[in-house]
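The structure under discussion is supplied below as structure tokens; questions concerning it will follow.
Quick note: the coordinates plus some simple rules give every number you see, no bench work behind them. What you see is a predicted model, and the numbers here were worked out from it, not measured in a lab. Positions of Cβ are backbone-derived with ideal geometry, glycine not excepted, and every protein chain shown enters the neighbour counts.
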Amino acid sequence: MNSTQPFIETKEYKRFVEFCEACIKYKYIGICYGLPGVGKTLSSRHYSNWDYADRQINYKAGDKVRIDTDDRILNCHTLFYTAPAIRASKLTAELDILGAKLNLVKSKYNEKTYGIEKYTTNFYEGIHLIIVDEIDRLKLQDLEQLRDIYDQRNLAIVFIGMPGIEKRLARYPQLYSRIGFAHEFQKLSKDEMHHILEYKWDELDISIKKENFSDYEALTSIMKVTNGNFRLIHRLFTQMERILEINHLTSITSEVVEAARNSLVIGRK
Ligand SMILES: Nc1ncnc2c1ncn2[C@@H]1O[C@H](COP(=O)(O)OP(=O)(O)OP(=O)(O)O)[C@@H](O)[C@H]1O
Ligand SMILES: [Mg+2]
């Protein structure tokens with residue numbers, strides 16, 4: 001993933017934020033599920049300000065506080081963790097390290113900037129929420145590690161997964177009984193997608209210019225093909241760019257959209 005990618009705060013993102021805040025408020029485990037490409041991972045990283053936090057905790061030995069560390073670090077209360085694709089036996093240790101590092105950076109920063117000397121031995125101090133992405137990869141014993149963290153620490157956990165995960169988790173009664181909320185992360189609505197294509201073009205990080213569109217029909221075709229899926233929007237635009245270049249064209253017509261769609265692996269009907 002490109003970490004400098006612009007992020008559009010969609011309605012679905014706002015619903016996701018509300019969901020996370022509710023989990024924090026009630027200290028629940030929550031499940032958020034949604035189809036591939038709708039924006040679950042990007043929204044989680046944005047909510048946790050993880051591009052920033054991750055950069056701060058990846059210090060070299062001895063350094064601890066980077067030059068660009070600022071007050072924002074004090075507002076980082078969420079850990080974002082991607083479940084490993086293979087063996088997750090070190091899951092607890094890895095999460096402990098994330099928490100410990102974040103707290104160490106905060107303490108070092110406080111000491112350096114404000115002269116406050118306060119170090120903690122609790123890895124999870126100040127952590128309100130842990131978001132675990134790709135939960136589908138985890139086996140029962142891995143999930144048990146998360147249950148244990150949840151039981152021992154006074155915090156909320158949000159699981160991110162594919163549709164169906166909520167049913168799979170129902171097979172583990174002990175874990176399931178701790179789940180307070182389930183939330184479906186939905187694709188963009190037609191109206192919102194229209195709004196984004198009309199008004200938020202610049203934020204999409206696409207090199208094609210809006211003026212390249214020959215007609216409204218082409219825009220309608222894009223909406224139809226991508227069907228509110230963010231990943232598909234990006235893929236389709238990349239293909240359209242290629243098609244324009246190869247054919248020395250400048251204007252996007254429905255034919256260009258159609259040709260781009262045919263060269264996509266996903267989203268073909
Ligand atoms: N709010 C957003 N603003 C701008 N682009 C977005 C946004 N959400 C998603 N995207 C685009 O869609 C792509 C897919 O998003 P993301 O990886 O978050 O999907 P996902 O739901 O986690 O999919 P998967 O289930 O496959 O992991 C991103 O790489 C990005 O290009
Ligand atoms: Mg994802």
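For Phe80, which sequence-distant residues (separation of 5 or more, or a different chain) have an amide H within less than 5 Å of its own amide H, given hydrogens modelled in the peptide plane?
For Phe80, whose amide H was placed from the backbone, the distant partners under 5 Å are Ile131.
Now for a different question. Can you put His234, His183 in order of Cβ neighbours within 10 angstrom, beginning with the fewest?
Sorted ascending by nearby Cβ count, the order is His234, His183.
Let me ask something else. Please report the antiparallel percentage of DSSP beta bridges with both residues in the chain, rounded to the nearest 5.
Around 0 percent antiparallel, to the nearest 5.
Continuing with the same structure: Over the chain, what is the relative contact order in whole percent, taking alpha-carbon pairs under 8 Å and six or more residues apart?
After rounding, I find 25 percent.
Excluding residues on the same chain fewer than 8 positions from Lys200, give the lysines whose Cα lies under 29 Å from its Cα.
Counting by Cα, and skipping residues close in sequence, Lys200 has these lysines nearby: Lys11, Lys14, Lys40, Lys187, Lys190, Lys209, Lys210, Lys224, Lys269.
Loop only by DSSP, 13 or fewer other Cβ within 10 Å of the Cβ. Give me the GluC sites (Glu not before Pro) in the stretch 111-148 that pass, ordered by residue number.
Here the sparse-neighbourhood loop sites are Glu117.
Per DSSP H run of n ≥ 4, the term is -39500 (n - 2.57); total these for the chain, divide by its residue number, and report the mean residue ellipticity at 222 nm rounded to 500 deg cm²/dmol.
-14000 deg cm²/dmol
Which loop GluC sites (Glu not before Pro) in the stretch 5-38, with loop taken from DSSP, have no more than 12 other Cβ atoms within 10 angstrom of their Cβ?
Of the GluC sites (Glu not before Pro), the ones in loops of the stretch 5-38 whose Cβ has at most 12 other Cβ atoms within 10 Å are Glu9.
Taking a ≥ b ≥ c as the square roots of the Cα gyration tensor eigenvalues, with a/c under 1.5 meaning rounded and otherwise prolate when a/b beats b/c, else oblate, which class fits the stretch 41-93?
oblate
Something else about it: State the Cα centre-to-centre distance between the stretch 162-222 and the stretch 85-103 in whole Å.
Rounded to whole Å, the Cα centres lie 29 Å apart.
So what's the net charge close to Leu140: Lys and Arg +1, Asp and Glu -1, counting the other residues with Cβ under 12 Å from its Cβ?
+2
Right, here's the next one. Output ³J(HN,Hα) for the stretch 116-123: one whole-Hz value per residue in order, computed from phi by the Karplus curve 6.51 cos²θ - 1.76 cosθ + 1.60 with θ = phi - 60°, and x for Gly and Pro.
Once rounded to whole Hz, the list reads 8, 9, 9, 10, 10, 9, 8, 4.
Under 20 Å between alpha carbons, and skipping anything fewer than 8 positions from Lys167 in its own chain: which aspartates and glutamates qualify?
Asp133, Glu134, Asp136, Asp142, Glu144, Glu184
Then there is this: Pull up the cross-link candidates among the lysines for Lys60, meaning alpha carbon to alpha carbon under 26 Å and not fewer than 8 places away within one chain.
Lys90, Lys101, Lys106, Lys108, Lys112, Lys118
Under the Kirkwood approximation for Rh and a Cα-based Rg, what ratio Rg/Rh is obtained for the stretch 142-269?
So for the stretch 142-269, dividing Rg by the Kirkwood Rh gives 1.18.
List the chymotrypsin sites (Phe, Trp or Tyr not before Pro) within the stretch 42-148 that DSSP assigns to loop and that have no more than 15 neighbouring Cβ atoms inside 10 Å.
Of the chymotrypsin sites (Phe, Trp or Tyr not before Pro), the ones in loops of the stretch 42-148 whose Cβ has at most 15 other Cβ atoms within 10 Å are Tyr119.
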